[in-house]
1. With Ile121, Ile177 as the choices, which residue is part of a strand (DSSP E or B), modelled with pLDDT of 95 or more, under 20 Å from Val61 (Cα atoms) and open to solvent by less than 50 Å² (accessible area, probe 1.4 Å)?
2. For region 94-118, name all the residues that are open to solvent by less than 70 Å² (accessible area, probe 1.4 Å) and in a helix (DSSP H, G or I).
3. Kindly check whether there is at least one residue in region 210-217 that is in contact with a Phe, Trp or Tyr (Cβ under 6 Å, 6 or more places away or on another chain), open to solvent by less than 100 Å² (accessible area, probe 1.4 Å) and in a helix (DSSP H, G or I).
4. Filtering region 141-154 down to residues that are open to solvent by less than 10 Å² (accessible area, probe 1.4 Å) and touching a residue at least 24 places away in the same chain (Cβ under 8 Å), which residue is farthest from Lys11 (Cα to Cα)?
5. Write out, first by first residue and then by second, each pair whose Cβ atoms fall under 6 Å of each other, whose residues are 6+ apart or on separate chains, and whose first residue, in region 11-39, is basic (Lys, Arg) while the second is at pLDDT below 95.
6. If a residue has to be open to solvent by less than 20 Å² (accessible area, probe 1.4 Å) and without any contact (Cβ under 8 Å) to a residue 12 or more places away in the chain to count, how many in region 66-88 make the cut?
7. Of all residues in region 2-45, which are under 16 Å from the mean Cα position of the chain (by Cα) and at pLDDT below 95?
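The values are calculated or read from the model by the stated rules, or taken from the named source; none is laboratory data. None of these values were measured; they are calculated from a predicted model. Cβ placement follows ideal geometry from the backbone for every residue including glycine, while neighbour counts extend to all protein chains displayed. Heads up: the accessible areas ignore ligands, DNA and RNA and are worked out on the full protein's heavy atoms, side chains in. Shrake-Rupley method; radii C 1.70, N 1.55, O 1.52, S 1.80 Å.
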Amino acid sequence: GIDYDSWDRAKDEVIFHKCDINNWEVGKKDNKDDLLKCLGLENRPTFFFVVRMASQKGLDVLIKAINGIAHLNVNVIILGSGNPKIQTNVLGISKKFPWIKAELEHNEEHAHKIYAGSDFIIIPSRYEPCGLIQMIAMKYGTIPIASNTGGLRDSILNGKNGFLFKKGQSARLKKTIERALSRMKDKDKYKKMVERAMKTDFSWDKSAVLYKKLYEEMMK
């Protein structure tokens, strides 16, 4: 579960434009326009990765996939810090392609803006016991593309409120990115997917009840 007092596009004081499920399309466009302007990126479908840079998080899988999507006319934003070797690889790929923006720091304020202004979040984790970023992304109307593992599999309904791919496989990630772009072109299906994601309830009001139920069942 996540704290919707901290992560809610309708109340977020950090993002460029607040919005709710009733005006999310305008809010997404306005937030995206301002985000891309700040980053010097063109108006394209925008994917992002935001988390600590560790081998668990599968950034190498993302980097391999990036080399295969150069023809797709997209943006990729990478925000985070961690393993120096991974950071070097991220800088290398960002220098190779001008449509990639890499910021090697932990910046929560900027993370809020990226959640609000991006179209998709990529989560290529090798394992993920829970995962919060997919829950945050959905609240902001940003569709997760994630490894089919752990808490990612538990919280994302493939093709309904996000996309899942076989973990550790950059070729599968590339195909899933293509699938996401195809869905985005079908405006009606894409709209339904975004709204289904935003309505997915990860609040503690729901999670606490489920934890209590599980605990009571174990006590029996």
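1. Ile121
2. Correct list: Ser94, His110, Ala111, His112, Lys113, Ile114, Tyr115, Ala116, Gly117.
3. no
4. Checked region 141-154; the qualifying residue farthest from Lys11 (Cα to Cα) is Ser147.
5. Final answer for the pair search is Lys18/Ala10.
6. Looking only at that region, the number is 0.
7. Ile2, Trp7, Asp8, Arg9
Okay, residues lined up against (1) of a type in the set (Asp, Glu); (2) open to solvent by less than 10 Å² (accessible area, probe 1.4 Å); (3) within 30 Å of Ala208 (Cα to Cα); (4) part of a loop (DSSP other than H, G, I, E, B):
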position	(1), (2), (3), (4)
Lys11	no, no, yes, yes
Lys32	no, no, no, no
Lys37	no, no, no, no
Phe49	no, yes, yes, no
Gln56	no, no, yes, no
Lys64	no, no, no, no
